[in-house]
1. Of CYS56, ILE108, ILE35, whose Cα points farthest to the positive end of the dipole of the chain (charges on the beta-carbon: +1 Lys, Arg; -1 Asp, Glu; origin at the Cα centre)?
2. Given H placed on each backbone N at 1.01 Å, which residues far from ARG103 in sequence or on other chains put an amide H within less than 5 Å of it?
3. Calculate the length of the line joining the C-alpha centroid of the range 89-119 to that of the range 139-159, in whole Å.
4. Averaging sequence separations of C-alpha pairs under 8 Å and six or more residues apart, then dividing by the length of the range 33-159, give the relative contact order as a whole percent.
5. In whole Hz, what ³J(HN,Hα) sequence does the range 44-55 give by Karplus (6.51, -1.76, 1.60; θ = phi - 60°), x for Gly and Pro?
6. Roughly what would the spin-label model give for ARG139 and ALA121, points 7 Å off Cα along C-beta, in nm?
7. State which stretch of the chain is the longest one without any exposed GluC sites (Glu not before Pro), exposure meaning a DSSP loop state and at most 14 other Cβ atoms within 10 Å.
8. Pop out the carbon and sulfur fraction of the accessible area of the chain as a percent, whole number, probe 1.4 Å.
Amino acid sequence: MAGSVRREAGAGEVDAAVRELLLLMPRMAGRVKRIPVPEALRSQALAPRHLSLLACLLFDGPMTVSDLAARLEVAPTTVSLMVGDLGEKGILDRREDPSDRRRRIVAIAPDRHDAIAAWLAPGAAAWRRVLTPLTPAQRRLFVDTLRAYEAAVEEERQR
């Protein structure tokens, strides 16, 4: 039956967890959306995809478009478009790679670094606080579960 919730034998505990997560996930998304964009960035019309790219550059430092694409798990052309957009807005700097003049290194513009760091700090601090007490195996399980959920939602959407 289309749109119905499939139940399997012995699924009571799983169903309880599903109900809990269906209530929790929208609240989490709402809280993240309420993190205010710093004044210096408000007029820039930044989207969630920009946030991921900026987080990579903030935590891992300057890198090439190809490296960013690999970290973000998207095509290099997608990253190139985002970098171009953010470069035009003065949020990112692109410079020549000293070891290979054909490549460009992407970095957060120095005058935007503090605002971006302040914007991302609450989320990063919260993740550190909840992940630190976990063992490496528990952290891996948590991240893998979120990835699996993301993939399963996409599969369900395409059905």
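1. ILE35
2. ASP97
3. What the calculation gives is 32 Å, centre to centre.
4. Details: 87 pairs, mean separation 30.8, N = 127.
Relative contact order, the range 33-159: 24 percent.
5. 8, 6, 7, 10, x, 4, 5, 4, 4, 5, 5, 4
6. Taking the two extended label points, one gets 2.2 nm.
7. Working: sites that count: GLU8, GLU73.
Free of exposed loop sites, the longest segment is 74-159.
8. Details: 6750 of 11670 Å².
Roughly 58 percent, rounded to a whole number.
The values are calculated or read from the model by the stated rules, or taken from the named source; none is laboratory data. A quick note: this is a predicted structure, and the numbers were derived from the prediction, not measured. Cβ atoms come from the backbone with ideal geometry, glycine included; neighbour counts cover every protein chain shown. Heavy atoms of the whole protein, side chains included, go into the accessibility calculation; ligands, DNA and RNA do not. Shrake-Rupley method; radii C 1.70, N 1.55, O 1.52, S 1.80 Å.
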